[in-house]
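Beneath this line is the structure, given in C-alpha cells, with notes to follow.
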Amino acid sequence: MSTGSDLIMSPEQRIPEHVAIVMDGNGRWAERQGKPRTAGHRAGVESVRRVMEVCGEEGVRVLTLFAFSSENWKRPKSEVNLLLDLFLVALNQEIRRIDKRNVRLRVVGDVSAFPHKLQQRIVEAERLTANNDGLLLQIAANYGGRWDITQAARGLARQVQAGKMDADDIDEDSIGRAMCCSDVPDPDLFIRTGGEQRLSNFLLWQSAYAELYFTDVLWPDFHEAEMRAAIDDFAARERRFGLTGAQLESSSC
Ligand code: IPE
Ligand code: IPE
Ligand code: MG
C-alpha cells in the first residue's frame, strides 16, 4: 500500500506505478454507430491491448482494468452472457500475446460466480504467466469495492473469532492487508473513460489518494495517444497527501 511517505515525485514517480481504469462507454460507442452494444464490448478488447502495451512501454508496474462489476449482473441476461463469453474468448486469444510481452495476469473479484470453464481458464492463464516480471495486468471481474471491504472485514472477524487476533489490533494496515491486491501499491492514477464522473464501486478503499482522471473518450476510442495524455496529466499533478504545498516544497529542498 502507498503510505504517502514518499511525497516528492522524482522523475520516475511521474510515471504512475499503478493505473486503474474504469473502461466505460462500450455500449454508447456501438449505439452511435447503429450497432448492437455487444459490438462495443468486442471493440473494447482492442483498447485493452493498446493500453496494456503503452503501460508496459512507459514503465507502469500495475494496470488494473474494471471489466465487470458486481452490479453488472443486473444487465439483460443476453448482455451478461455475451460479456462472460467474450472474457473467455479474449483470454484464449490474448494470453499468448500477454505472455510474450512478459505480462503477468491476475483476475481480481469473486470469480466463484463464473461458469466453471471460465474459472478454469483464468487459473490456467494466471499459472502460465505467473513467472513473468513485466507489467502486472489485473482484470477486475465480478469485483465491487464494497464486496472487497466486506470480504476483508469477514476475514478479520474470523481471525478474531479463532483467537488469532485481538479486535483492538484492527487498524488501517490490517484492513488494507485483507483487501484485494494488498501486495501491490495503491492506484496512483484512476482513469474513467466514457464521460461519467463517478467511481461505480471500483477500488474504493485502495483509491483513497489516487489522482482522478475523467475523459469523455469512449473506451473503444481510448488508444495509445489517450493513454499517454492521461500519464502526462498525472505527471503535472501535485500530490499532497494532506500536507500543505509549502511543506512539500520545504521537504524537497
Ligand atoms: C463498459 O461499457 C463495459 C462494462 C460495464 C462491462 P458499458 O457497457 O457500460 O457502456 P455504456 O456506459 O453503456 O456506454
Ligand atoms: C462500471 O461501468 C463498470 C465497468 C466498467 C466494468 P458501468 O457502466 O457499469 O457503471 P455505471 O452503471 O454507469 O455507474
Ligand atoms: Mg457504462
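Quick notes on this one:
- Largest first, the residues V60, V160 sort by 1.4 Å accessible area into V160, V60.
- Counted residue by residue at 0.36 nm each, then reduced by the alpha carbon distance between them, the extension gain from A225 to L243 reaches 3.2 nm.
- Order by protection proxy (mean Cβ within 10 Å, highest first), peptides 102-113, 202-213: 202-213, 102-113
- Computed about the Cα centre, the dipole magnitude for the chain is approximately 1200 debye when only Lys and Arg (+1) and Asp and Glu (-1) carry charge, each at its Cβ.
- Compared with the direct C-alpha span, the chain from A157 to A113 gains 13.5 nm at full extension, assuming 0.36 nm per residue.
- Per principal axis, descending, Cα span of region 140-253 in whole Å: 52, 43, 21
- As a calculated quantity, the FRET efficiency between Q120 and A236 at R0 = 41 Å, using C-beta atoms, amounts to about 0.40.
- Projected area, mean over directions - region 53-113, Cα convex hull, nm²: 4.9 nm²
- For the chain, the Kirkwood estimate of hydrodynamic radius, built from reciprocal distances between every pair of different alpha carbons, is 19.3 Å.
- Separation of the alpha carbons by more than 29 angstrom is noted, of K77/K100; K35/K74; K74/K100, for K77/K100; K74/K100.
- On a per residue basis, region 32-83 carries 50 Å² of accessible surface, using protein heavy atoms and a 1.4 Å probe.
- Applying the Karplus relation 6.51 cos²θ - 1.76 cosθ + 1.60 with θ = phi - 60° to region 110-116 yields 3J(HN,Hα) values of 8, 6, 5, 7, 7, x, 3 Hz, where x marks Gly and Pro.
- Residue-averaged 222 nm ellipticity for the chain, from DSSP H runs of 4+ at -39500 (n - 2.57), nearest 500: -14000 deg cm²/dmol
- Amide H contacts under 5 Å for I21, placed H, 5+ residues apart: T64, L65, F66, I191
- Accessible carbon and sulfur surface of region 1-142 relative to its total accessible area, %, 1.4 Å: 49 percent
- Scalar couplings 3J(HN,Hα) for region 218-225, obtained by applying the Karplus form with A = 6.51, B = -1.76, C = 1.60 to θ = phi - 60°, are 6, 3, x, 9, 8, 10, 4, 5 Hz; x denotes Gly and Pro.
- Ratio of the Cα radius of gyration of region 24-137 to 2.2 N^0.38 Å, where N counts its residues: 1.09
- Volume in Å³ per residue [convex hull over Cα atoms, computed for region 9-89]: 113 Å³
- Only Cα sites of region 119-173 enter the Debye sum here, all with the same form factor; the resulting log10 I(q)/I(0) across q = 0.17, 0.23, 0.28 1/Å is -0.80, -0.90, -1.05, listed in q order.
- Dipole check for region 61-196: with +1 at the C-beta of Lys and Arg, -1 at the C-beta of Asp and Glu, and the Cα centre as origin, the magnitude is about 780 Debye.
- Rounded D (µm²/s) - region 74-180, Kirkwood Rh over Cα pairs, Stokes-Einstein at 20 °C, 1.002 mPa s: 135 µm²/s
The values are calculated or read from the model by the stated rules, or taken from the named source; none is laboratory data. Nothing here was measured: the structure is a model prediction, and the numbers come from that model. Backbone-built Cβ (ideal geometry, glycine too); neighbour counts: all protein chains shown. Side chains included, ligands, DNA and RNA excluded: accessible areas come from the protein's heavy atoms. Shrake-Rupley method; radii C 1.70, N 1.55, O 1.52, S 1.80 Å.
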